[in-house]
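The values are calculated or read from the model by the stated rules, or taken from the named source; none is laboratory data. Being a predicted model, the structure only gives us computed values, none of them experimental. Quick reminder, even Gly has a Cβ in these numbers, built from the backbone with ideal geometry, and neighbours come from all protein chains shown. When the accessible area is computed, the model is the full protein with side chains, heavy atoms only, and any ligands, DNA or RNA have been set aside. Shrake-Rupley method; radii C 1.70, N 1.55, O 1.52, S 1.80 Å.
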Amino acid sequence: MSSAVERLRMVAGEAFRAEKWQTAKKVARAYVETMTADLDELAAGEAFEVDAAVELLGSAAGCREMAKLIKRQVAAARRAKAAPRGRQEGQRVPLSDLLPDTAPGELGRLVMPSGYLMLSDGVAGPPKPDSDERPLVSARPVYLAATVRSVTDGEYYADVVWQTPDGQWEVGTFPRHVLADARSLVKLARRGLPVDSGTAGALVRYLTAFERANVSTSVDMATNALGWQGERGRLGFMWGETCIGGTGGVRLLAESGKAQLAEAYRAAGSLEEWRRMVWEPVQEHPRVALGVYAAVAPVVLGLVRSAPGFVVDWAGRSTGGKTTTLRVAASVWGDPAQLIKSWSATANAIEHLASFSAYLPTMLDDTKEARQYPSRVIGAVYQVTGLQSKLRASPDGLRTTSAFRTVLLSTGEAPITSFGADTGAAARVLAVRGFPFSSEDSRAVADGLNAATLTTFGHVGPAVVRWLDANRERWPAIESRWAELREGFASEASNPFGGRSAPYVATLQVAAELVSAALGLKVNAAALEQMRRFARESAQVAERHRGALHDLWGWLASRPDARDGLDNGGREVIVKWDNERPAVIAVALRRWLDREGYQTDVIDEWARLGWIDTAGDRRTQVVRFLSSGQRVRCYVFTDDAVKVAGG
């Protein structure tokens with residue numbers, strides 16, 4: 001035991017023997033006033049002996065505050081003693097001299113700000129006025145490893161590094177405005193940052209000083225979204241956390257769910273295995289091969305500025321291979337198990353997914369999961385085919401809107417367009433009808449593909465991007481090729497709906513040609529021909545069912561004598577009006593369709609679009625007619641049908 005500790009214990013004993021607490025306090029104060037000579041020895045002594053002597057003094061009546069003061073002085077002396085001389089003199093010392101090599105960041109180019117000490121047990125601030133005591137800024141080492149600027153929204157972030165209680169190092173990237181506000185900084189305690197309400201203000205000042213001291217260091221580039229980065233992708237293409245091509249150096253800023261999604265963009269197996277186990281088996285199934293081209297299509301949106309996003313929808317009965325098709329499409333970019341999401345997601349989640357997956361496909365499985373929320377489905381169609389998300393407010397004005405440059409790949413038993421009567425949404429959808437697998441061995445093929453996509457994925461998309469990055473001089477020719485294909489299909493269209501799908505057809509064909517150029521895979525001509533057929537059929541259906549509805553309204557308007565409840569002179573009653581909604585006798589409507597040259601499947605389209613009020617699988621409902629008193633089966637039209645027919 002050192003002589004300084006012995007003297008401190010003697011002072012404690014004298015305080016205990018004092019008859020009054022005032023006398024004991026005077027004894028302790030007298031020691032504090034003369035303890036400078038003992039301070040270095042106490043700081044160098046065994047911590048448990050010194051602390052025990054201080055605690056002993058503090059337990060004496062009236063001496064608690066003096067004991068706390070002694071404890072603070074000893075702690076400050078210990079920190080000063082642990083600090084190299086350069087730091088004590090206010091020099092800017094590189095972190096490489098102060099921290100172990102295991103600490104993250106380029107420690108050799110980072111320096112401590114003047115006045116602050118980096119200690120083994122934390123960070124100490126500048127001395128208080130007229131005192132050698134240094135306040136503790138952080139209970140563990142903390143520093144800024146890098147300043148980061150987002151190329152997506154222009155906001156600044158910083159990489160904050162801190163040591164955990166078990167000696168490990170953590171790195172968190174936080175917005176600059178959070179680090180500049182004490183209240184916001186305290187919330188980062190849940191991430192493990194060593195901060196509390198008492199030290200938050202001092203930590204803000206330290207981080208600001210640290211940033212100033214290292215202002216000459218470079219600013220890293222980062223992004224909040226995947227896909228092409230910068231004007232015309234000059235900074236590269238973010239494939240998960242990997243930046244492909246460009247000038248490079250861009251890294252991903254993503255929290256929680258987005259970071260988890262980014263991890264799904266990875267490779268497994270080999271390209272040759274994918275070619276043999278996935279691509280070759282789907283050559284006899286063009287609807288499935290089309291999924292590969294649809295997965296590459298979003299990349300084209302970065303090359304052709306005028307190319308819009310769209311939806312590819314595989315619909316049909318269950319066990320038909322739709323989900324397998326989606327897995328094949330997802331294997332183009334990464335792990336299908338993580339990339340494919342459910343339609344049960346909220347509208348807000350779908351919006352964030354679509355904006356984050358820029359120039360990559362957004363994949364949602366099983367529309368029946370959203371059957372209770374049809375507006376969510378139609379809203380998603382408009383979101384991914386629009387250029388920006390909704391305009392929203394923020395505390396300092398308007399938030400930066402997210403750009404949507406994606407293609408939505410969707411599956412479900414019911415077509416995506418059956419969730420609303422909006423023909424505008426229908427015109428944005430390429431509907432793939434029929435079973436993806438049509439051969440006798442379809443079950444075996446689907447099972448093989450499901451197994452293969454578990455172990456081999458993530459090669460095709462990155463290969464296409466690398467080819468494009470290496471052949472940037474060909475981009476103008478690719479854009480011209482897209483325009484040529486669009487004009488060609490539009491000229492073949494028989495109605496405006498067909499013309500509207502021309503950009504989608506052009507994008508998919510360019511995607512197929514890029515896959516062929518980058519990987520040497522022969523273009524599946526059958527898939528492209530079916531794509532054109534589906535586009536033509538979608539346009540014909542969109543035009544036909546709308547025209548049939550308008551014609552029906554015209555016929556009903558021309559037959560006022562056929563209305564129930566009126567004196568019709570004995571003529572046949574064919575319709576009962578409930579306000580503006582007609583209920584048309586089923587037999588009479590089918591007769592009219594046949595007479596006018598319409599197929600009866602128009603009724604199915606009306607039901608699919610919600611223009612007919614259905615009860616389960618039944619298209620008709622029983623309606624009682626006043627004129628005859630009879631109950632007759634009718635097609636009952638909805639308010640949506642009234643709006644369309646009147647438009």
With the condition kept exactly as written, say whether any residue in the range 469-491 is in a loop (DSSP other than H, G, I, E, B), within 30 Å of Gly379 (Cα to Cα) and touching a residue at least 24 places away in the same chain (Cβ under 8 Å).
-> no
Selection from the range 97-152 of residues aromatic (Phe, Trp, Tyr) and open to solvent by 10 Å² or more (accessible area, probe 1.4 Å) yields Tyr116
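Would it be correct to say that Val161 is crowded, with 20+ Cβ neighbours inside 10 Å and part of a strand (DSSP E or B)? Walk me through it before giving the result.
Values: crowded, with 20+ Cβ neighbours inside 10 Å: yes; part of a strand (DSSP E or B): yes.
Taking the combined requirement at face value, the residue satisfies it.
Would you point out which residue out of Val160, Val178 is in contact with a Ser or Thr (Cβ under 9 Å, 6 or more places away or on another chain) and touching a residue at least 40 places away in the same chain (Cβ under 8 Å)?
Working: Val178 fails: touching a residue at least 40 places away in the same chain (Cβ under 8 Å).
Only one candidate passes the filter, namely Val160.
Considering each of Leu391, Leu398 in turn, give the residue that is farther than 27 Å from Glu263 by Cβ, in contact with a strand residue (DSSP E or B) (Cβ under 7 Å, 6 or more places away or on another chain), modelled with pLDDT under 90 and open to solvent by 40 Å² or more (accessible area, probe 1.4 Å).
Details: Leu398 fails: in contact with a strand residue (DSSP E or B) (Cβ under 7 Å, 6 or more places away or on another chain).
Being farther than 27 Å from Glu263 by Cβ, in contact with a strand residue (DSSP E or B) (Cβ under 7 Å, 6 or more places away or on another chain), modelled with pLDDT under 90 and open to solvent by 40 Å² or more (accessible area, probe 1.4 Å) holds for just one of Leu391, Leu398, which is Leu391.
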Of all residues in the range 402-429, how many are surrounded by fewer than 20 Cβ atoms within 10 Å (Cβ to Cβ) and modelled with pLDDT of 80 or more?
-> 1
Number of the condition not met by Leu290 [criteria: (1) surrounded by 22 or more Cβ atoms within 10 Å (Cβ to Cβ); (2) touching a Phe, Trp or Tyr at 6+ places or on another chain (Cβ under 8 Å); (3) more than 30 Å from Met221 (Cβ to Cβ)] = (2)
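Only one of these is out of contact with any His (no Cβ under 9 Å at 6 or more places or on another chain), open to solvent by less than 60 Å² (accessible area, probe 1.4 Å), without any contact (Cβ under 8 Å) to a residue 24 or more places away in the chain and not in a loop (DSSP other than H, G, I, E, B): Gly172, Gly167. Name it.
On the way: Gly167 fails: not in a loop (DSSP other than H, G, I, E, B).
Answer to the check: Gly172.
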Residues (open to solvent by 20 Å² or more (accessible area, probe 1.4 Å), in contact with a helix residue (DSSP H, G or I) (Cβ under 7 Å, 6 or more places away or on another chain) and within 24 Å of Ala18 (Cβ to Cβ)) located in the range 43-54 = Glu49
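Among the residues of the range 591-608, write down those that are at positive phi and part of a helix (DSSP H, G or I).
In the first step, residues of the range 591-608 are kept if they are at positive phi; the result is 597.
The answer is none; no residue qualifies.
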Checked Arg275, Arg266 against criteria (modelled with pLDDT of 95 or more, open to solvent by 10 Å² or more (accessible area, probe 1.4 Å) and assigned to a loop (DSSP other than H, G, I, E, B)); the one match is Arg266
How many residues, within the range 117-138, are at pLDDT 85 or above and not in a strand (DSSP E or B)?
-> 3
Filter the range 57-79 down to residues that are part of a helix (DSSP H, G or I) and open to solvent by 60 Å² or more (accessible area, probe 1.4 Å) and give me whichever is nearest to Ala15 (Cα to Cα).
-> Arg64
Count, please, the residues in the range 29-44 that happen to be of a type in the set (Gly, Ala, Ser) and under 15 Å from Arg72 (Cα atoms).
-> 2
Looking only at the range 31-42, and only at residues there that are of a type outside the set (Asp, Glu) and at pLDDT 80 or above, the one that is surrounded by the fewest Cβ atoms within 10 Å (Cβ to Cβ) | Tyr31
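Within the range 218-263, work out how many residues are open to solvent by less than 60 Å² (accessible area, probe 1.4 Å), part of a strand (DSSP E or B) and within 21 Å of Asn471 (Cβ to Cβ). Give the derivation first.
In the first step, residues of the range 218-263 are kept if they are open to solvent by less than 60 Å² (accessible area, probe 1.4 Å); the result is 220, 222-230, 233, 235-240, 243-246, 248, 250, 252-254, 257, 259, 261-262.
Then keep just the ones that are part of a strand (DSSP E or B); that gives 220, 222-223, 227-229, 236-239, 243-244, 250, 252.
Now restrict to residues that are within 21 Å of Asn471 (Cβ to Cβ): 227-229, 236-239, 243-244, 250.
Summing the residues that are open to solvent by less than 60 Å² (accessible area, probe 1.4 Å), part of a strand (DSSP E or B) and within 21 Å of Asn471 (Cβ to Cβ) in the range 218-263 gives 10.
Just to be sure before I move on: is Val332 out of contact with any Cys (no Cβ under 7 Å at 6 or more places or on another chain), farther than 26 Å from Pro476 by Cα, at pLDDT 95 or above and outside any strand (DSSP E or B) in the structure I sent?
Answer is no for this residue.
Every residue, every condition in (1) open to solvent by 10 Å² or more (accessible area, probe 1.4 Å); (2) of a type in the set (A, V, I, L, M); (3) within 29 Å of Asp441 (Cβ to Cβ), yes or no:
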{"residue": "Val299", "(1), (2), (3)": "no, yes, no"}
{"residue": "Leu303", "(1), (2), (3)": "no, yes, no"}
{"residue": "Ala307", "(1), (2), (3)": "no, yes, no"}
{"residue": "Lys322", "(1), (2), (3)": "yes, no, yes"}
{"residue": "Gly334", "(1), (2), (3)": "no, no, yes"}
{"residue": "Ala345", "(1), (2), (3)": "yes, yes, no"}
{"residue": "Asn348", "(1), (2), (3)": "yes, no, no"}
{"residue": "Leu353", "(1), (2), (3)": "yes, yes, no"}
{"residue": "Ser357", "(1), (2), (3)": "no, no, no"}
Could we say that Arg466 is open to solvent by 20 Å² or more (accessible area, probe 1.4 Å), modelled with pLDDT of 95 or more, part of a helix (DSSP H, G or I) and in contact with a helix residue (DSSP H, G or I) (Cβ under 9 Å, 6 or more places away or on another chain) here?
-> yes
Of all residues in the range 351-373 being of a type outside the set (D, E, K, R) and assigned to a loop (DSSP other than H, G, I, E, B), which is nearest to Ala254 (Cα to Cα)?
-> Ser357
